[in-house]
Amino acid sequence: MQLTIETPRLLLRPNTLNDWDIGIQVLSDPEVMRYVGAPLSPEDVRKHMPTFIRRSAGGAIGIWIAEHRATGEKIGDGILLPLPIEADDTEWELMGGDEMPDRDIEVGYLLKPSAWGHGYASEICAALIDFGFENTNLEEIVAVTDPDNGASRRVLIKCGLINHGMRRAYGGETTDFRISRAAWERNQS
Ligand SMILES: CC(C)(COP(=O)(O)OP(=O)(O)OC[C@H]1O[C@@H](n2cnc3c(N)ncnc32)[C@H](O)[C@@H]1OP(=O)(O)O)[C@@H](O)C(=O)NCCC(=O)NCCS
């Protein structure tokens, strides 16, 4: 399976141990984490890198780093990961085997603030949804957001996800976005 994904402006490639720099830029920034959870200390990001590079389903799910194709600058990340319901973070213990975890699989993205407002999150989200449906037998890809995270909600709608109201995830109430394989196939034509 080809895990590197090219979009018009970005290269998405699997997270590596060397990507602690962009990890710190997003996960330790209170502005980025405003709707996502408590920021991690830079030391914690470094400590957790061996976990953050775990992949499952033959590599088809995990974290991708997004970098500008033109300059190589890292701008953030995109994910396909099992959605936690009562846990407040990804259940990393489910990741690392060859199987697809028996959970909803969520698409997500975190960009450093200097990259906001250029359509990059939409480019990442659309590419990961295509990748997920093309490389796995998932029947649905889900996403959750804080109801106040207007930019993220807009990204999901632009990428064809439908808002189904509210649901539990990450140990709280979140907006429930989904796209089915059938809807994704319809959107291709
Ligand atoms: C949310 C985030 C990923 C958006 O990234 P981005 O690259 O700026 O997103 P895009 O440019 O692709 O699209 C943003 C859309 O939201 C719109 N938007 C921006 N701020 C908005 C707001 N407060 N309310 C509603 N819409 C908003 C933009 O106008 C754009 O829509 P348009 O293309 O129709 O004009 C980025 O701000 C981010 O990383 N935030 C912190 C992490 C985060 O919250 N991640 C999502 C977790 S669910």
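Being closer than 30 Å to Glu73 by Cα, more than 13 Å from the ligand (Cβ to nearest atom) and surrounded by fewer than 18 Cβ atoms within 10 Å (Cβ to Cβ) is the requirement here; does Glu134 meet it? Here the answer is yes, as Glu134 does meet what is asked. Looking across Asp19, Asp44, Asp77, one residue alone is more than 14 Å from the ligand (Cβ to nearest atom), buried (at least 16 other Cβ atoms within 10 Å of the Cβ), at pLDDT 95 or above and among the acidic types (Asp, Glu). It is Asp19. Can you name the residue in the range 64-74 that is part of a strand (DSSP E or B) and surrounded by fewer than 24 Cβ atoms within 10 Å (Cβ to Cβ) and is also nearest to the chain's Cα centre (by Cα) among such residues? It comes out as Ile65. Cβ separations smaller than 9 Å between residues 6+ apart or across chains give the following pairs from the range 76-89 residues that are touching a residue at least 24 places away in the same chain (Cβ under 8 Å) and more than 18 Å from Ser28 (Cβ to Cβ) to residues that are part of a loop (DSSP other than H, G, I, E, B) and among the β-branched types (Val, Ile, Thr): Leu80/Thr136; Leu81/Thr90; Pro82/Thr90; Leu83/Thr90; Pro84/Thr90. For the range 104-185, no strands (runs of 3 or more DSSP E) sit wholly inside it while including 3 or more residues that are farther than 19 Å from Thr7 by Cα and at pLDDT below 95. If you go through the range 22-31 and pick out every residue that is exposed (fewer than 12 other Cβ atoms within 10 Å of the Cβ) and assigned to a helix (DSSP H, G or I), you end up with 0.
I'm checking my understanding of the structure. Among residues of the range 95-122 that are within 12 Å of the chain's Cα centre (by Cα) and either without any contact (Cβ under 8 Å) to a residue 12 or more places away in the chain or within 11 Å of the ligand (Cβ to nearest atom) (or both), which one is surrounded by the most Cβ atoms within 10 Å (Cβ to Cβ)? Among those that are within 12 Å of the chain's Cα centre (by Cα) and either without any contact (Cβ under 8 Å) to a residue 12 or more places away in the chain or within 11 Å of the ligand (Cβ to nearest atom) (or both), it is Val107. Picking from residues in the range 160-185 that are in contact with a Ser or Thr (Cβ under 9 Å, 6 or more places away or on another chain) and farther than 22 Å from Met33 by Cβ, the one that is surrounded by the fewest Cβ atoms within 10 Å (Cβ to Cβ) is Gly165.
Checked against the criterion of being among the charged types (D, E, K, R), more than 14 Å from Leu110 (Cα to Cα) and in contact with a strand residue (DSSP E or B) (Cβ under 8 Å, 6 or more places away or on another chain), the range 51-64 has at least one qualifying residue.
If you check Arg34, Arg13 for being touching a Ser or Thr at 6+ places or on another chain (Cβ under 6 Å) and either within 16 Å of the ligand (Cβ to nearest atom) or under 25 Å from Ala151 (Cα atoms) (or both), only one passes: Arg13.
Flag: Ile141 matches the condition of being away from the ligand (no atom under 13 Å from the Cβ), at negative phi and within 15 Å of the chain's Cα centre (by Cα).
Could you tell me whether the range 35-57 includes any residue that is of a type in the set (Lys, Arg), touching a helix residue (DSSP H, G or I) at 6+ places or on another chain (Cβ under 9 Å) and outside any helix (DSSP H, G or I)? Yes, the range 35-57 contains at least one residue that is of a type in the set (Lys, Arg), touching a helix residue (DSSP H, G or I) at 6+ places or on another chain (Cβ under 9 Å) and outside any helix (DSSP H, G or I).
The values are calculated or read from the model by the stated rules, or taken from the named source; none is laboratory data. The shown structure was predicted, so the numbers you read here are calculated from the model rather than taken from an experiment. Because the Cβ atoms are built from the backbone with ideal geometry, glycine has one as well, and the counts that use them run over all protein chains shown.
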